[in-house]
Amino acid sequence: METRVPLNEVKDLTIKFASPRDVILLYTFYQSLSSKTKEFFHPPYFDPKYGLKFILYLITLLFSTINPVRAFLKIFFPKVVILPLIAINENNVIGFAYLKIKSRIVHNEYNSELGIVVREEYQGMGVGSKLMQCLLNNAQKEKISRIRLIVDKRNEKAIHLYKKFGFKITRMIENGDFYDGKCYTIYEMMLKFKKA
């Protein structure tokens with residue numbers, strides 16, 4: 001039976017940049033997600049069925065958690081940089097969000113792709129909003145000027161969250177996502193930061 005924890009009972013919620021040690025916790029966290037949640041969030045970072053892609057993404061995620069290595073990669077190989085954040089409650093990972101740099105726009109500005117997931121029993125209690133706020137703050141510090149994401153058309157909670165933070169739907173893609181033998185219609189959404 002699923003238990004929903006009221007917002008005022010989520011104690012000691014910590015949002016932090018993932019460390020190398022947290023990569024193992026993230027793998028365990030992902031395996032614990034419900035099949036419905038995985039239907040909406042299934043990057044290749046945590047699923048061995050992706051084979052070599054899974055191994056390469058996991059190594060990239062690991063390297064991205066080490067500040068000097070990430071700084072080096074961002075200069076010379078920006079497309080492999082991931083900015084991972086985790087939400088922790090009572091020593092358990094209950095949420096994960098990341099920005100994956102996709103391209104360099106100009107010398108010191110970047111495009112990125114966003115992913116976010118919260119464990120089902122903690123959804124609707126502000127954890128996603130806190131993760132998103134921290135992620136966007138880090139994006140601006142990291143000189144990311146545009147963020148793209150894709151979201152399942154059926155995932156109304158996530159769409160509402162993204163719109164709340166200023167993301168706009170740029171297009172709908174029928175059969176734009178494939179998971180567990182099925183195709184799904186997705187929205188592409190975009191956020192551009194205004195230049196100061």
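The values are calculated or read from the model by the stated rules, or taken from the named source; none is laboratory data. Given the structure is predicted, the values throughout are model-derived calculations rather than measurements. Positions of Cβ are generated from backbone atoms using ideal geometry, with glycine treated the same way; all protein chains shown enter the neighbour counts.
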- [ ] Please specify each residue of the stretch 95-104 satisfying the condition of being more than 18 Å from Glu188 (Cβ to Cβ) and at pLDDT below 95.
- [x] Arg104
Task: Matching strands (runs of 3 or more DSSP E) fully within the stretch 85-196 where at least 1 residues are β-branched (Val, Ile, Thr) and buried (at least 17 other Cβ atoms within 10 Å of the Cβ) - done: 92-106, 109-118, 144-152, 182-192
Task: From Leu73, Leu25, Leu58, Leu62, residue being on the phi < 0 side of the Ramachandran plot, touching a residue at least 60 places away in the same chain (Cβ under 8 Å), surrounded by 15 or more Cβ atoms within 10 Å (Cβ to Cβ) and part of a helix (DSSP H, G or I) - done: Leu25
Task: Condition check for Ile116: over 25 Å from Phe46 (Cα atoms) and hydrophobic (A, V, I, L, M, F, W, C) - done: no
